[in-house]
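Peer 1: The structure under discussion is supplied below as structure tokens; questions concerning it will follow.
Readers should treat all values here as calculations from the given coordinates under stated rules, not as data from a laboratory. Because the structure is a prediction, the values reported are computed rather than measured. With ideal geometry, Cβ positions are generated from the backbone for all residues, glycine too; neighbour counts draw on all protein chains shown.
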Amino acid sequence: MVDLSLQKRLASEILGVGVSRVRVDPARVEDVADAITREEIKRLIKDGAIYAEPARGNTGYSSKVRREQRRKGRRRGHGKRKGVRTARTDEKEVWMSKIRKIRRYLRYLRDNKIIDRKTYRRLYRLAKGGFFKSFNSLRTYLIEHGYLKR
């Protein structure tokens, strides 16, 4: 076996890749072994006796699988969480979605004459003040106070 470490080192510098990616054509090993200058190595690279192997990257398959699992809601449990709840979801966003849902429902009740304008205003102000924890708590309140049937 011929020692080609010098030739491979020079070729790696010329090609701009690591030594492990430099390959030599098995049929031209003797020609490569005789080459000891950069010019000779450059000529052999041009002839195709020495070449660089294409870079190998990560396939990305496992990350795609992981992303798909997360989309389904897996891998998102307590053990995976680093930040506090408010760091993961903005408090304002939560409030906006909640209050919009409640106000939309109150408008529906008012427009369909289920509650009168005075009641609507009172419930609207309660909602604005954060009295209802969620849409369901509003429904429960309305049922308990006789505005809705079960």
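Peer 1: Hey, any hits in the range 92-99 for a residue that's farther than 30 Å from ILE115 by Cα and free of Cβ contacts under 8 Å to residues at least 24 places away in the same chain?
Peer 2: No: the range 92-99 contains no residue that is farther than 30 Å from ILE115 by Cα and free of Cβ contacts under 8 Å to residues at least 24 places away in the same chain.
Peer 1: Could you tell me which of the residues ARG85, ARG9 is surrounded by 10 or more Cβ atoms within 10 Å (Cβ to Cβ) and either over 30 Å from ARG117 (Cβ atoms) or not aromatic (Phe, Trp, Tyr) (or both)?
Peer 2: Criteria check complete, one pass: ARG9.
Peer 1: Applying the selection to the range 20-34, what residues are surrounded by 12 or more Cβ atoms within 10 Å (Cβ to Cβ) and assigned to a helix (DSSP H, G or I)?
Peer 2: Answer for the range 20-34, where residues must be surrounded by 12 or more Cβ atoms within 10 Å (Cβ to Cβ) and assigned to a helix (DSSP H, G or I): ARG21, ARG28, VAL29, ASP31, VAL32, ALA33.
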